[in-house]
1. Looking at the stretch 95-161 from every direction and averaging, what is the projected area of its Cα convex hull in nm²?
2. Which value in Å is the Kirkwood Rh of the chain over different Cα pairs?
3. Consider all pairwise Cα distances in the stretch 2-96 and report the whole-number % of them above 19 Å.
4. Just add up the charged neighbours of Ile184: K/R +1, D/E -1, any other residue whose Cβ is under 14 Å from the Cβ of Ile184.
5. Excluding ligands, DNA and RNA, what is the solvent-accessible area per residue of the stretch 109-230 at a probe of 1.4 Å, expressed in Å²?
6. Quick one: which residues, 5 or more positions from Arg37 or on another chain, have an amide H under 5 Å from its amide H? H modelled 1.01 Å from N in the peptide plane, none for Pro or chain starts.
7. Under the rule a/c < 1.5 gives rounded, and otherwise a/b versus b/c splits prolate from oblate, where does the stretch 109-230 land using the Cα gyration tensor?
8. If you plug each phi of the stretch 177-193 into the Karplus form 6.51 cos²θ - 1.76 cosθ + 1.60 with θ = phi - 60°, what whole-Hz ³J(HN,Hα) values come out, in order, with x for Gly and Pro?
Amino acid sequence: SSDLFDEAKTLFPGGVNSPVRYYEPYPIYFRQALGARIFDVEGNEYIDFCMGFGTMIGGYGNPMITMEYDSHPYNFIPIGVPGETEIELGKEIKSAIPSIQMMRFTNSGTEAVMHAIRLARAYTGRNIIIKMNAGFHGANDYVLVNAGSGALTFGTPSSPGIPRIVSETVIVADFNNVENLEEIFAKYGDKIAAVLVEPVLGNIGVIPPEPDYLENVQKMCNQNGSLFILD
Ligand SMILES: Cc1ncc(COP(=O)(O)O)c(C=O)c1O
């Protein structure tokens, strides 16, 4: 487990994909599961009283649920604990996309965007997020925002249940409009934590970026000390 933790730290911040999984001196990494039991990489056996946080209520590899088609040793992977397979998957992803420095697996796109926004705000010490008009980023409150009453104003909630105070930390920009973004940066540049953009707007049809648009957005972010989030 110690060796796997050293490897995991090069892939995932803190070596884990959920903060609660970390403990001193290093988490135990698991390999296999069967029935109510899970096994770590050193072969120690444990009873999973959490039942994979509820997902394995019928037990791992319950023959009434699974089919006997797979003899792969990782057939039944312990759920909710650090695992050897997440490291293997992380390495595969990193080798396929070498520009990735670190990654974190999440349960949904909503959660990934939520983490990215929080990270940008923490890193910059700023609050404002810019998102694109009609850009879709999932169900978290910060991204369910419509354009405000005029250009360069803060957004308004697009759904009941979202406090206005949340939407007022978001500015909605026009996709593919460099001038619009320049105006927003000119007015709020030192308060902008990040620009959040789908590289291709995918939820109102398929709208590709104009040549150089994304490069320009990235440049403006760099010039203003803001982060550039591609979703
Ligand atoms: C660009 C983008 N971001 C985030 C999401 C939200 O993902 P999820 O439904 O997994 O929360 C979606 C879903 O369609 C999406 O298209």
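1. 6.3 nm²
2. About 20.3 Å for the chain.
3. Considering the stretch 2-96, 43 percent of its Cα-Cα pairs are separated by more than 19 Å.
4. That works out to -1.
5. I get 50 Å² per residue for the stretch 109-230.
6. Asp48, Tyr60
7. Judged from the Cα gyration tensor, the stretch 109-230 comes out rounded (a/c under 1.5).
8. 10, 5, 4, 4, 5, 4, 4, 4, 5, 4, 7, 10, x, 7, 10, 8, 6
The values are calculated or read from the model by the stated rules, or taken from the named source; none is laboratory data. Bear in mind that the values here come from a model prediction, so they are computed numbers and not experimental data. Here the Cβ is made from the backbone with ideal geometry for all residues, glycine too, and neighbour counts use every protein chain on show. Surface areas here come from the heavy atoms of the whole protein model, side chains and all, with no ligands, DNA or RNA. Shrake-Rupley method; radii C 1.70, N 1.55, O 1.52, S 1.80 Å.
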